[in-house]
1. Would you mind stating whether A:Glu16 is surrounded by fewer than 19 Cβ atoms within 10 Å (Cβ to Cβ), among the acidic types (Asp, Glu), out of contact with any helix residue (DSSP H, G or I) (no Cβ under 8 Å at 6 or more places or on another chain) and outside the structural domain of A:Asn170 (by TED's automatic domain parsing)?
2. Listed residues B:Asp161, B:Asp134, B:Asp141; which is within 8 Å of another protein chain (Cβ to nearest Cβ) and under 30 Å from A:Gly36 (Cβ atoms)?
3. Counting only residues that are among the charged types (D, E, K, R) and within 14 Å of another protein chain (Cβ to nearest Cβ), which one in region B:82-118 is farthest from the chain's Cα centre (by Cα)?
4. How about region A:71-104: which of its residues are over 24 Å from A:Ala194 (Cα atoms) and surrounded by 15 or more Cβ atoms within 10 Å (Cβ to Cβ)?
5. Answer yes or no as to whether A:Lys45 is more than 30 Å from A:Glu145 (Cβ to Cβ), touching an Asp or Glu at 6+ places or on another chain (Cβ under 9 Å) and assigned to a helix (DSSP H, G or I).
6. Identify all residues within region B:163-204 that are within 16 Å of B:Lys94 (Cα to Cα) and outside any helix (DSSP H, G or I); write none if there are none.
7. With the structure loaded, tell me whether A:Asn174 is within 14 Å of A:Leu200 (Cβ to Cβ) and within 9 Å of chain B (Cβ to nearest Cβ) or whether it fails that test.
8. Would you check if B:Leu56 is crowded, with 19+ Cβ neighbours inside 10 Å and either in contact with a Cys (Cβ under 8 Å, 6 or more places away or on another chain) or part of a helix (DSSP H, G or I) (or both)?
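The values are calculated or read from the model by the stated rules, or taken from the named source; none is laboratory data. Everything numeric in this text was worked out from a predicted model, so none of it was measured. A quick note on method: Cβ atoms are made from the backbone with ideal geometry, for glycine too, and the neighbour counts reach across all protein chains shown.
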Protein chains: 2
Amino acid sequence: MAVAAVNKPSRTAAREKRRQQLIDATMKCIGRKGIGGTTLADVAKEAGLSQGIVNLHFQSKDNLLQETLRRLAGEYRSQFERTLKQSGPSPADKLLALMKLDIKPSICKPAKLAVWFAFWGEVQSRPTYRKICDELDRHYDEVVEGLCAEIIADGNYRNVDASTTAMALNSMTNGMWLSCLISRKNWDRKQALAAVQSYLSSSFPEHF
Amino acid sequence: MAVAAVNKPSRTAAREKRRQQLIDATMKCIGRKGIGGTTLADVAKEAGLSQGIVNLHFQSKDNLLQETLRRLAGEYRSQFERTLKQSGPSPADKLLALMKLDIKPSICKPAKLAVWFAFWGEVQSRPTYRKICDELDRHYDEVVEGLCAEIIADGNYRNVDASTTAMALNSMTNGMWLSCLISRKNWDRKQALAAVQSYLSSSFPEHF
């Protein structure tokens, strides 16, 4: 009994570690070859494992891709929540920290963005992908809109609508991901931050 | 001679018409099945032609996809130039017309956006795709930046940078495409326009 109790979590941990290793390999392959060009054999090779192991853990390319998108969205969501928790107490601090998160080199880099865009390129034909992306997007929208609403109330801003401002901010940072992916040599991270900050300060002059 | 002179353009026109028909079919297939899921057989079926005809005109899936992206970019560019020509004479009129173009139902609709995102999902592994997208993007950026610079000079706006404002505007409209694709039911075209207009009027209060 005692042995089983020790073994079980460690076996689960090993299984989880292997799955994560395969998902990391999948992200690398998608970044290099796109979703269409990625095969289970590529993933196995990238992970240094046999294709049998990939089949054992994920059964099919569809399952593996779906799980990869869930992890990608989950990773982003964790960083998002951590940023909210760790940033200064005021809504303005939190809003700026969230915007900076999207421009951070660890998130806004072609290798990572290529994986996002590869999945977005498939949402039209894969309702599950759309659902995962949509849930993350809505959560992001809600939080940003809530922060905007607090800032509007605090500064008594007239003619500023929280929902419209949140839409503008979210669109702006999403669009920056595209520019970073497409024009990577000319994409200027400092200017991207300046663009976000100038929007914030023109919307909420007392706060930014 | 006279016959040849008549025949030649008509043969070229027929060839061009057939190529366009196949490219239209490709866009439809990509919109429904993604790039990876689209085969030459699907394209032939969608166009109501034989796969031999697809091979005759494009030789390979790679060629067909590249030509499809060129047409997609070319179509967008034509609409962009037409909008510039047809909109009111002032730079503010032109800028607003360009922003509205990106939110128009004929451009900003899931079936069309799915094709753009499918190609963007592949730029990391296909330098030719990136080059085509990058050229279009730069042209867009240059025109928008030029219009912003004219508005800034005209309004003598201080603390507004043309290049940063253009980056913010372009990012905003690109990000709206993503929201329209992902959250199509909840995506609000009127609010998207309101977001762009509120940004324009806070940046250039004398002009918008």
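1. Working: surrounded by fewer than 19 Cβ atoms within 10 Å (Cβ to Cβ): yes; among the acidic types (Asp, Glu): yes; out of contact with any helix residue (DSSP H, G or I) (no Cβ under 8 Å at 6 or more places or on another chain): yes; outside the structural domain of A:Asn170 (by TED's automatic domain parsing): yes.
Answer is yes for this residue.
2. On the way: B:Asp161 fails: under 30 Å from A:Gly36 (Cβ atoms); B:Asp141 fails: within 8 Å of another protein chain (Cβ to nearest Cβ).
Checking each option against the conditions leaves just B:Asp134.
3. Keep residues of region B:82-118 that are among the charged types (D, E, K, R), which gives B:82, B:85, B:93-94, B:100, B:102, B:104, B:109, B:112.
Adding the requirement that they be within 14 Å of another protein chain (Cβ to nearest Cβ) leaves B:102, B:109, B:112.
Values: B:Asp102: 9, B:Lys109: 12, B:Lys112: 9 Å.
Across region B:82-118, the extreme among qualifying residues is B:Lys109.
4. Residues satisfying the conditions are A:Arg71, A:Leu72, A:Ala73.
5. Working: more than 30 Å from A:Glu145 (Cβ to Cβ): yes; touching an Asp or Glu at 6+ places or on another chain (Cβ under 9 Å): no; assigned to a helix (DSSP H, G or I): yes.
Considered against the rule, which asks whether it is more than 30 Å from A:Glu145 (Cβ to Cβ), touching an Asp or Glu at 6+ places or on another chain (Cβ under 9 Å) and assigned to a helix (DSSP H, G or I), A:Lys45 comes out as no.
6. B:Phe204
7. Values: within 14 Å of A:Leu200 (Cβ to Cβ): no; within 9 Å of chain B (Cβ to nearest Cβ): yes.
In short, no.
8. Values: crowded, with 19+ Cβ neighbours inside 10 Å: no; either in contact with a Cys (Cβ under 8 Å, 6 or more places away or on another chain) or part of a helix (DSSP H, G or I) (or both): yes.
Spelling it out, it is not the case that B:Leu56 is crowded, with 19+ Cβ neighbours inside 10 Å and either in contact with a Cys (Cβ under 8 Å, 6 or more places away or on another chain) or part of a helix (DSSP H, G or I) (or both).
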